[in-house]
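S.K.: Below you'll find the structure I mean.
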Amino acid sequence: MPVVSVIIPVYKVEKYLKRCLDCLLAQTMVDWQAICVDDGSPDRSPAILDEYAAKDSRITVIHKQNAGVSAARNDGINLANGKYIHFLDADDWIDADYLKCMVDVAEQYDADMVVSGFVSDNKYTKPIVYQKNHVAVGIWDKMRRTCALTDSYVWRYLFKSDFIKNNNLRFNTNLIAQEDTLFVLDAIALANKIVTVQGVYYHYMFNENSALNSRDAVHHARVKQQYQIGKKYRRDFARKHGIMMLWRMRKIFNLFR
(Lines give C-alpha, C1' and ligand atoms only; values in the text may rest on other atoms or scores of the structure.)
Protein backbone atom coordinates (compact mmCIF):
# COMPACT_ATOMS: atom_id res chain seq x y z
CA MET A 1 0.00 0.00 0.00
CA PRO A 2 1.45 3.41 -0.93
CA VAL A 3 1.77 6.06 1.76
CA VAL A 4 0.06 8.77 -0.32
CA SER A 5 -2.47 8.65 -3.14
CA VAL A 6 -2.15 11.81 -5.24
CA ILE A 7 -5.34 12.51 -7.20
CA ILE A 8 -4.90 14.64 -10.32
CA PRO A 9 -7.88 15.70 -12.48
CA VAL A 10 -6.70 16.42 -16.01
CA TYR A 11 -8.45 18.60 -18.60
CA LYS A 12 -6.80 20.74 -21.28
CA VAL A 13 -3.48 21.16 -19.45
CA GLU A 14 -0.98 19.90 -22.02
CA LYS A 15 1.15 23.03 -21.50
CA TYR A 16 1.65 22.31 -17.78
CA LEU A 17 1.10 18.60 -17.29
CA LYS A 18 4.69 17.43 -17.66
CA ARG A 19 5.85 19.89 -15.01
CA CYS A 20 3.20 18.58 -12.65
CA LEU A 21 4.12 14.95 -13.21
CA ASP A 22 7.84 15.72 -13.02
CA CYS A 23 7.37 17.31 -9.60
CA LEU A 24 5.96 13.99 -8.40
CA LEU A 25 8.84 12.02 -9.86
CA ALA A 26 11.21 14.39 -8.01
CA GLN A 27 9.59 13.83 -4.59
CA THR A 28 11.96 12.80 -1.79
CA MET A 29 9.20 10.45 -0.62
CA VAL A 30 9.01 7.70 -3.22
CA ASP A 31 6.14 5.62 -1.84
CA TRP A 32 3.23 7.32 -3.58
CA GLN A 33 0.70 6.53 -6.25
CA ALA A 34 -0.71 9.05 -8.72
CA ILE A 35 -4.26 8.59 -9.94
CA CYS A 36 -4.57 10.76 -13.03
CA VAL A 37 -8.14 11.15 -14.24
CA ASP A 38 -8.31 12.26 -17.87
CA ASP A 39 -11.68 14.01 -17.90
CA GLY A 40 -12.19 13.70 -21.64
CA SER A 41 -9.45 16.19 -22.40
CA PRO A 42 -9.43 17.12 -26.13
CA ASP A 43 -5.73 18.11 -26.28
CA ARG A 44 -2.50 16.10 -25.92
CA SER A 45 -2.95 15.59 -22.17
CA PRO A 46 -4.18 11.97 -22.50
CA ALA A 47 -1.13 11.03 -24.57
CA ILE A 48 1.20 12.69 -22.06
CA LEU A 49 -0.43 10.75 -19.21
CA ASP A 50 -0.03 7.46 -21.07
CA GLU A 51 3.61 8.29 -21.80
CA TYR A 52 4.39 8.84 -18.10
CA ALA A 53 2.37 5.82 -16.96
CA ALA A 54 4.35 3.61 -19.34
CA LYS A 55 7.58 4.78 -17.68
CA ASP A 56 6.51 4.64 -14.02
CA SER A 57 4.18 2.03 -12.51
CA ARG A 58 3.22 4.40 -9.69
CA ILE A 59 1.16 6.43 -12.19
CA THR A 60 -2.33 5.14 -12.98
CA VAL A 61 -4.38 6.75 -15.73
CA ILE A 62 -8.15 6.72 -16.10
CA HIS A 63 -9.65 7.89 -19.39
CA LYS A 64 -13.31 8.90 -19.22
CA GLN A 65 -15.90 11.14 -20.80
CA ASN A 66 -15.96 14.69 -19.54
CA ALA A 67 -17.92 14.95 -16.29
CA GLY A 68 -16.15 17.76 -14.44
CA VAL A 69 -13.49 18.11 -11.78
CA SER A 70 -15.73 16.96 -8.92
CA ALA A 71 -16.54 13.66 -10.60
CA ALA A 72 -12.86 13.20 -11.50
CA ARG A 73 -11.76 13.72 -7.89
CA ASN A 74 -14.48 11.38 -6.65
CA ASP A 75 -13.26 8.70 -9.06
CA GLY A 76 -9.78 9.19 -7.63
CA ILE A 77 -11.02 8.83 -4.05
CA ASN A 78 -12.77 5.58 -4.93
CA LEU A 79 -9.55 4.14 -6.37
CA ALA A 80 -7.11 5.51 -3.78
CA ASN A 81 -5.43 2.90 -1.60
CA GLY A 82 -2.83 5.06 0.14
CA LYS A 83 -2.92 5.86 3.85
CA TYR A 84 -3.25 9.54 2.90
CA ILE A 85 -4.85 11.44 0.02
CA HIS A 86 -3.64 14.63 -1.60
CA PHE A 87 -5.38 16.52 -4.41
CA LEU A 88 -2.99 18.08 -6.93
CA ASP A 89 -4.18 20.26 -9.80
CA ALA A 90 -2.50 19.42 -13.10
CA ASP A 91 -1.39 22.99 -13.83
CA ASP A 92 0.27 23.40 -10.41
CA TRP A 93 3.28 21.81 -8.72
CA ILE A 94 4.69 21.05 -5.27
CA ASP A 95 8.09 21.31 -3.57
CA ALA A 96 10.29 18.23 -3.80
CA ASP A 97 9.91 17.53 -0.08
CA TYR A 98 6.19 18.40 0.02
CA LEU A 99 4.75 14.92 0.45
CA LYS A 100 7.41 13.87 2.97
CA CYS A 101 6.94 16.97 5.13
CA MET A 102 3.16 16.70 5.05
CA VAL A 103 3.16 12.99 5.93
CA ASP A 104 5.78 13.44 8.67
CA VAL A 105 3.61 16.05 10.39
CA ALA A 106 0.43 14.00 9.93
CA GLU A 107 2.16 11.00 11.52
CA GLN A 108 3.76 13.00 14.32
CA TYR A 109 0.46 14.50 15.47
CA ASP A 110 -1.92 11.75 14.30
CA ALA A 111 -3.90 14.42 12.43
CA ASP A 112 -6.92 13.84 10.20
CA MET A 113 -5.77 16.76 8.06
CA VAL A 114 -2.59 18.79 7.64
CA VAL A 115 -2.44 22.03 5.69
CA SER A 116 0.42 23.73 3.88
CA GLY A 117 1.10 27.26 2.87
CA PHE A 118 1.07 28.17 -0.79
CA VAL A 119 2.57 30.65 -3.20
CA SER A 120 1.01 32.04 -6.35
CA ASP A 121 2.21 33.27 -9.72
CA ASN A 122 -0.25 36.18 -9.78
CA LYS A 123 -0.93 39.29 -7.73
CA TYR A 124 -4.60 38.49 -7.19
CA THR A 125 -4.16 35.37 -5.07
CA LYS A 126 -2.62 36.22 -1.71
CA PRO A 127 -0.09 33.60 -0.53
CA ILE A 128 -0.29 31.91 2.86
CA VAL A 129 2.88 31.21 4.84
CA TYR A 130 2.98 29.27 8.10
CA GLN A 131 5.77 30.21 10.50
CA LYS A 132 5.41 27.07 12.62
CA ASN A 133 3.51 23.83 13.00
CA HIS A 134 0.33 24.50 14.96
CA VAL A 135 -2.17 21.94 16.24
CA ALA A 136 -5.79 23.11 15.90
CA VAL A 137 -8.62 21.22 17.61
CA GLY A 138 -11.54 23.56 18.36
CA ILE A 139 -13.60 24.92 15.49
CA TRP A 140 -12.46 28.51 16.03
CA ASP A 141 -8.77 27.60 15.90
CA LYS A 142 -9.24 25.17 13.00
CA MET A 143 -10.95 27.83 10.92
CA ARG A 144 -8.52 30.58 11.87
CA ARG A 145 -5.42 28.51 11.15
CA THR A 146 -6.63 27.08 7.86
CA CYS A 147 -8.02 30.44 6.66
CA ALA A 148 -10.83 28.38 5.12
CA LEU A 149 -13.38 31.17 5.42
CA THR A 150 -11.44 32.96 2.69
CA ASP A 151 -9.13 30.35 1.09
CA SER A 152 -10.78 26.93 0.97
CA TYR A 153 -8.56 25.35 -1.70
CA VAL A 154 -8.55 21.56 -1.35
CA TRP A 155 -5.07 21.23 -2.84
CA ARG A 156 -3.50 22.72 0.32
CA TYR A 157 -4.44 19.68 2.40
CA LEU A 158 -3.28 16.16 3.06
CA PHE A 159 -6.09 13.97 4.40
CA LYS A 160 -6.15 10.62 6.11
CA SER A 161 -7.74 8.34 3.55
CA ASP A 162 -9.86 6.59 6.18
CA PHE A 163 -11.08 9.96 7.40
CA ILE A 164 -12.43 10.81 3.94
CA LYS A 165 -13.91 7.40 3.25
CA ASN A 166 -15.38 6.71 6.70
CA ASN A 167 -17.16 10.08 6.63
CA ASN A 168 -18.26 9.58 3.01
CA LEU A 169 -16.76 12.93 2.02
CA ARG A 170 -17.21 13.54 -1.70
CA PHE A 171 -17.24 16.52 -4.05
CA ASN A 172 -20.59 17.93 -5.22
CA THR A 173 -20.84 17.00 -8.90
CA ASN A 174 -23.48 19.67 -9.52
CA LEU A 175 -20.85 22.38 -9.05
CA ILE A 176 -18.19 23.55 -11.51
CA ALA A 177 -16.86 26.13 -9.03
CA GLN A 178 -16.58 26.28 -5.23
CA GLU A 179 -16.84 22.48 -5.00
CA ASP A 180 -13.70 22.44 -2.87
CA THR A 181 -15.22 25.04 -0.50
CA LEU A 182 -18.02 22.66 0.44
CA PHE A 183 -15.67 19.67 0.70
CA VAL A 184 -13.05 21.45 2.82
CA LEU A 185 -15.50 23.08 5.23
CA ASP A 186 -17.33 19.79 5.77
CA ALA A 187 -14.00 18.06 6.39
CA ILE A 188 -12.78 20.72 8.83
CA ALA A 189 -15.97 20.42 10.87
CA LEU A 190 -15.49 16.64 11.15
CA ALA A 191 -11.72 16.57 11.74
CA ASN A 192 -10.53 15.83 15.26
CA LYS A 193 -7.21 17.55 14.65
CA ILE A 194 -5.69 19.74 11.93
CA VAL A 195 -2.04 20.78 11.87
CA THR A 196 -0.41 23.59 9.89
CA VAL A 197 2.89 22.63 8.26
CA GLN A 198 5.80 25.05 8.34
CA GLY A 199 8.17 25.69 5.47
CA VAL A 200 6.65 23.67 2.63
CA TYR A 201 4.66 25.13 -0.23
CA TYR A 202 2.12 24.31 -2.86
CA HIS A 203 2.68 26.33 -6.05
CA TYR A 204 -0.59 27.61 -7.46
CA MET A 205 -0.70 28.88 -11.02
CA PHE A 206 -3.54 30.89 -12.48
CA ASN A 207 -4.44 29.18 -15.76
CA GLU A 208 -6.57 31.48 -17.88
CA ASN A 209 -7.44 28.57 -20.18
CA SER A 210 -8.74 26.26 -17.45
CA ALA A 211 -12.32 25.01 -17.42
CA LEU A 212 -13.05 27.29 -14.47
CA ASN A 213 -11.82 30.37 -16.34
CA SER A 214 -13.58 29.70 -19.61
CA ARG A 215 -14.62 32.88 -21.41
CA ASP A 216 -17.85 31.34 -22.66
CA ALA A 217 -20.56 33.76 -21.50
CA VAL A 218 -22.98 31.11 -20.25
CA HIS A 219 -20.23 29.23 -18.44
CA HIS A 220 -18.88 32.43 -16.92
CA ALA A 221 -22.31 33.37 -15.60
CA ARG A 222 -22.68 29.94 -14.03
CA VAL A 223 -19.27 30.20 -12.35
CA LYS A 224 -20.13 33.65 -11.01
CA GLN A 225 -23.39 32.33 -9.57
CA GLN A 226 -21.62 29.43 -7.92
CA TYR A 227 -19.09 31.73 -6.28
CA GLN A 228 -22.08 33.22 -4.49
CA ILE A 229 -23.06 29.69 -3.42
CA GLY A 230 -19.60 29.26 -1.93
CA LYS A 231 -19.78 32.59 -0.12
CA LYS A 232 -23.17 31.71 1.34
CA TYR A 233 -21.89 28.27 2.40
CA ARG A 234 -19.02 29.90 4.30
CA ARG A 235 -21.32 32.39 5.99
CA ASP A 236 -23.86 29.72 6.92
CA PHE A 237 -21.04 27.51 8.20
CA ALA A 238 -19.81 30.33 10.43
CA ARG A 239 -23.31 30.94 11.78
CA LYS A 240 -23.94 27.22 12.41
CA HIS A 241 -20.67 26.79 14.33
CA GLY A 242 -20.86 30.02 16.32
CA ILE A 243 -17.93 31.78 14.66
CA MET A 244 -19.65 34.74 13.02
CA MET A 245 -17.09 37.11 14.56
CA LEU A 246 -14.40 35.21 12.68
CA TRP A 247 -16.48 35.48 9.51
CA ARG A 248 -16.86 39.24 9.91
CA MET A 249 -13.19 39.76 10.80
CA ARG A 250 -11.70 37.00 8.64
CA LYS A 251 -9.42 39.29 6.63
CA ILE A 252 -7.96 40.78 9.81
CA PHE A 253 -7.49 37.42 11.52
CA ASN A 254 -5.72 36.06 8.42
CA LEU A 255 -2.92 38.54 9.05
CA PHE A 256 -1.99 36.64 12.22
CA ARG A 257 -2.09 33.04 11.00
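The values are calculated or read from the model by the stated rules, or taken from the named source; none is laboratory data. Because the structure is predicted, anything quoted here is derived from the model rather than measured. Using ideal geometry, Cβ is built from the backbone for each residue, glycine included, and neighbour counts are taken over all protein chains shown. To get the accessible areas, we keep the full protein, side chains included, count just its heavy atoms, and leave off ligands, DNA and RNA. Shrake-Rupley method; radii C 1.70, N 1.55, O 1.52, S 1.80 Å.
S.K.: Quick one: length gained pulling ASP110 to ARG239 fully straight, 0.36 nm per residue minus the C-alpha distance?
M.R.: The ASP110-ARG239 span can extend by a further 43.6 nm.
S.K.: Residue farthest toward the positive end of the dipole of the stretch 73-137, with Cβ of Lys/Arg at +1 and Asp/Glu at -1: which of ALA106, TYR84, HIS134?
M.R.: Working it through, the farthest residue towards the positive pole turns out to be HIS134.
S.K.: Let me have the relative contact order for the chain, percent, based on Cα pairs under 8 Å that are six or more residues apart.
M.R.: Taking the mean separation of contacting Cα pairs over the length of the chain, I get 22 percent.
S.K.: Using a Förster distance of 25 angstrom, determine the FRET efficiency expected from the C-beta separation of VAL30 and HIS203, and round it to 0.05. Can you show the working numbers first?
M.R.: Numbers: r = 21 Å, r/R0 = 0.82.
Rounded to the nearest 0.05, the efficiency is 0.75.
S.K.: I want to verify a result. In a Gaussian network model of the chain, Cα cutoff 10 Å, which of these has the top mean-square fluctuation: HIS241, HIS134, HIS203?
M.R.: Largest GNM mean-square fluctuation: HIS241.
S.K.: Same structure, new question: Let me have the 222 nm mean residue ellipticity of the chain computed from DSSP H runs of 4+ only, each contributing -39500 (n - 2.57), with the sum over all residues rounded to the nearest 500.
M.R.: On the way: 10 runs with 102 residues, N = 257.
Result for the chain, helices only: -11500 deg cm²/dmol.
S.K.: While we're on this one: Taking a cut-off of 17 Å between Cα atoms, list the lysines near LYS126, but don't count ones fewer than 8 places away on the same chain.
M.R.: Within the straight-line limit of under 17 Å, LYS126 reaches these lysines: LYS251.
S.K.: OK, next. Would you list, by chain and number, the aspartates and glutamates whose Cα falls below 19 Å from the Cα of LYS231, excluding same-chain residues fewer than 8 positions away?
M.R.: ASP151, GLU179, ASP180, ASP186
S.K.: Here is a further query. Mind giving me the nanometre distance, one decimal, between the label points for ARG44 and HIS63, set 7 Å out from Cα along Cα→Cβ?
M.R.: It works out to 1.7 nm between the two label points.
S.K.: Okay, next question. With every protein chain kept in place and ligands, DNA and RNA left out, what is the accessible area per residue of the chain? Probe 1.4 Å, answer in Å².
M.R.: Using a 1.4 Å probe on heavy atoms only, each residue of the chain averages 46 Å².
S.K.: Each residue of the stretch 174-189 in turn: what ³J(HN,Hα) in whole Hz from Karplus with 6.51, -1.76, 1.60 and θ = phi - 60°, glycine and Pro shown as x?
M.R.: 7, 9, 10, 8, 6, 5, 6, 4, 4, 5, 5, 5, 4, 5, 4, 4
S.K.: Here's a follow-up. Just for the chain, what percent of DSSP beta bridges are antiparallel, to the closest 5? Don't skip to the end; give the middle numbers.
M.R.: Details: 12 of 37 bridges.
Percentage antiparallel, nearest 5: 30.
S.K.: Using a 1.4 Å probe on the protein chains only, how many percent of the accessible area of the stretch 1-40 belongs to carbon and sulfur? Intermediate results must be reported in sequence, preceding the final value.
M.R.: Values: 790 of 1480 Å².
Summing carbon and sulfur atoms, their accessible area is 54 percent of the total for the stretch 1-40.
S.K.: Still on this structure, I have one more. Out of residues 5 or more away from VAL200 or on other chains, whose amide H comes under 5 Å of its own, with H placed 1.01 Å from N in the peptide plane?
M.R.: Here the answer is GLY117, since their amide H atoms fall under 5 Å of that of VAL200.
S.K.: Which net charge results when you count Lys and Arg as +1 and Asp and Glu as -1 among the other residues whose beta-carbon is under 12 Å from that of LYS231?
M.R.: The answer is +4.
S.K.: Return an integer: the convex hull volume of the alpha-carbon atoms of the stretch 33-114, in Å³ per residue.
M.R.: Taking the convex hull of the Cα positions in the stretch 33-114, it is 108 Å³ per residue.
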